[in-house]
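The values are calculated or read from the model by the stated rules, or taken from the named source; none is laboratory data. None of these values were measured; they are calculated from a predicted model. Here the Cβ is made from the backbone with ideal geometry for all residues, glycine too, and neighbour counts use every protein chain on show.
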Ligand code: C2E
Ligand code: CA
Ligand code: CA
Ligand code: CA
């Protein structure tokens, strides 16, 4: 009896340890992984829905653990934020994305080809953020208009002085701003007045609901009309079908991103850059 109990306990303990080994627990896990070079960026093309050309790509971080498991960002970003490792991770993301973008064509259809990076609340609060970002842009030899920063509304507050100063320094230098997951936050419209926003990214939840060519979708229609009036570009996120792409294009949505065009890929080669969706 005792032996079986012991064995079971040992087995249970090993299971827990095995799970623990591939689970993120602390900021030092993330710092160690950064030092070991375990993070990689994948890039998802953003497509001009009218011409089918790619004029931007979003950098999305992944953690390739020694066992070979690729951990998606939703499983470690919040922990990086809580443990203070986000500033280092985010700094690596910006530096790496800038260096990669420097290898891409400079312009497509006369417009700068940009890399888009997600900014966390912690980074936006950090007084040294804008300065570090601009240094990475310069070190990579990019012009600032080839970097775009994506902001999720719920992640930051414009009542914070450092957030405002960071965003002002970045836009003053020519870095572009996108509002991510647009339509899911609370104060979208007042922020459009306060920030120099170049792009609205319509949240995937709206696009997922698009299943037929004649669907009314009043909220999406209103977002497109508003963006048009404000001369802000719109990127529809999470396009998975030709029907969704057609619906959006026919209502004046200029850009799209999603598995229908390309999943995020480790390298944006000629094939991804030359996507012709039309
Ligand atoms: P997000 O910024 O909204 O990024 C879009 C997510 O949707 C990505 O997931 C992308 O792979 C996924 N996606 C793209 N097209 C489709 C589609 O057609 N269908 C479906 N179902 N999904 C699609 P991913 O890469 O797992 O990233 C999840 C979130 O993690 C991102 O959401 C972003 O908020 C965050 N994240 C990723 N990289 C970074 C980073 O470097 N820094 C920060 N702070 N957050 C990041
Ligand atoms: Ca994003
Ligand atoms: Ca998004
Ligand atoms: Ca999201």
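The figures follow:
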item: Within the stretch 200-222, tally of residues that are more than 12 Å from ligand 3 (Cβ to nearest atom), farther than 12 Å from residue 258 by Cβ and in contact with a helix residue (DSSP H, G or I) (Cβ under 8 Å, 6 or more places away or on another chain); result: 7
item: Residues of the stretch 250-267 that turn out to be touching a helix residue (DSSP H, G or I) at 6+ places or on another chain (Cβ under 8 Å), part of a loop (DSSP other than H, G, I, E, B) and under 12 Å from residue 43 (Cβ atoms), as a count; result: 1
item: Sole exception among (1) at pLDDT below 95; (2) more than 21 Å from residue 263 (Cα to Cα) for residue 103, by number; result: (2)
item: Answer residue from the stretch 159-189, given it is away from ligand 1 (no atom under 16 Å from the Cβ) and closer than 30 Å to residue 208 by Cα and is modelled with the highest pLDDT among those; result: 189
item: The stretch 136-155, residues that are more than 16 Å from ligand 4 (Cβ to nearest atom) and either within 18 Å of the chain's Cα centre (by Cα) or closer than 14 Å to residue 199 by Cβ (or both); result: 136, 137, 144, 145, 146, 147
